[in-house]
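The structure appears below as structure tokens.
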Amino acid sequence: MGTHNLEAKETVPASRKLQADDAAEILKSAKKLIAIKGKKISEFKLSGSPDEAAVAAMLGPTGNLRAPTLRVGKTIIVGFNEEVLTEQIL
């Protein structure tokens, strides 16, 4: 983030475990979710209360919110893919 002069507005420590209820709360104010797991990239258009598939895409095998999770405007990005992050952030 330092390379592109980006600054985090909020950082949540890994010791604070965020789960399905937290993920649903994050999605309430979003219009789009991009969930990245390995090479698979899933996009969800959001309106109203989030559906179970969108919440499930944000969670790892332990049921906790996957990292990194970013909010860029009205878009939530979960997981890491350099191309997607560059496209969405810059």
Count - residues of the range 28-52 that are among the hydrophobic types (A, V, I, L, M, F, W, C), at pLDDT below 95 and either within 11 Å of the chain's Cα centre (by Cα) or not in a loop (DSSP other than H, G, I, E, B) (or both): 1
Test for residue 67: is it in contact (Cβ under 8 Å) with a residue 12 or more places away in the chain and either aromatic (Phe, Trp, Tyr) or in a loop (DSSP other than H, G, I, E, B) (or both): yes
Any chance residue 18 is surrounded by 10 or more Cβ atoms within 10 Å (Cβ to Cβ), in contact with a strand residue (DSSP E or B) (Cβ under 6 Å, 6 or more places away or on another chain) and not in a loop (DSSP other than H, G, I, E, B): no
Residue satisfying all of: in the range 74-90; assigned to a loop (DSSP other than H, G, I, E, B) and in contact with a strand residue (DSSP E or B) (Cβ under 9 Å, 6 or more places away or on another chain); surrounded by the fewest Cβ atoms within 10 Å (Cβ to Cβ) among these: 74
Residue list for the range 33-71, restricted to those being within 27 Å of residue 13 (Cβ to Cβ) and of a type in the set (Lys, Arg): 37, 66, 71
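The values are calculated or read from the model by the stated rules, or taken from the named source; none is laboratory data. Since the structure is predicted, the reported quantities are computational estimates derived from the model, not experimental observations. Virtual Cβ from ideal backbone geometry, glycine too; neighbours counted across all protein chains shown.
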